[in-house]
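Novice: Pasting a structure below so you can have a look.
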Amino acid sequence: MKHQTSHELQSVAVIDRLGLIPLATRTQRIERWAELLDRNPLRCLAALAGTEYVDPEVRAGARAAGSPLAVAFEDPLLRAAGLQSDTYGEAKRFFELSDWQLHDVVCSCHAGATMQASWAAARVRRLISGNRVLAWLKSRLVH
């Protein structure tokens, strides 16, 4: 077997560089989404309206051009990892989120009709770390 550099191989084969970055875990996929949002922190993104009030079947197909979900779907790495569309239901499945978690990121009741990408990125990161204040309050109310 002859050793060849990736540059040499490009002339005879298609090299899949997407496979070099693993997005196997939920945390890795969510971190990638936050990183994508942070690439253009001032980008104005569209929110989804009233996700908590929409029938679950309708909510699953909800989408908005230029939303935080669209940013995720624009990424070839997330698509290669299995993200199939920019709909609410697909994001919920792919990122392994509850309705309330996804609502916290994309719903207009939190940010209005639009939001900055940096704001959405912070909400996405909170999906991993959790809301410590809310967790503390819940622990106080239970005891």
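We did not get these values from a lab; they are worked out from the coordinates using the rules stated. It should be emphasised that the depicted structure is a prediction, and the values quoted were computed from it without experimental measurement. We place every Cβ from the backbone using ideal geometry, glycine too, and count neighbours over all the protein chains shown.
Novice: Diagonalise the Cα gyration tensor of segment 45-117 and give the resulting equivalent ellipsoid semi-axes, square root of 5 times each eigenvalue, largest first, whole Å. Could you put the intermediate results ahead of the total?
Specialist: Details: eigenvalues 68, 41, 19 Å².
Equivalent-ellipsoid dimensions as semi-axes: 18, 14, 10 Å.
Novice: Please list 115-122, 47-54, 98-105 highest first by mean number of surrounding beta-carbon atoms within 10 Å per residue.
Specialist: Numbers: 115-122: 19.1, 47-54: 16.0, 98-105: 17.5.
With the highest mean Cβ count within 10 Å placed first, the list reads 115-122, 98-105, 47-54.
Novice: Find how much the distance from Cys109 to Gln84 grows on full extension, using 0.36 nm per residue of separation minus their present alpha carbon separation; answer in nm with one decimal. Spell out each step's value before the answer.
Specialist: Values: separation 25, 0.36 × 25 = 9.00 nm, distance 2.61 nm.
Length difference between fully extended and current span is 6.4 nm.
Novice: Taking the Cα centre of segment 22-142 as the origin and placing charges on Cβ (Lys, Arg +1; Asp, Glu -1), which of Gly50, Ala121, Gly89 is farthest toward the positive end of the dipole?
Specialist: Of the candidates, Ala121 comes out farthest on the positive side.
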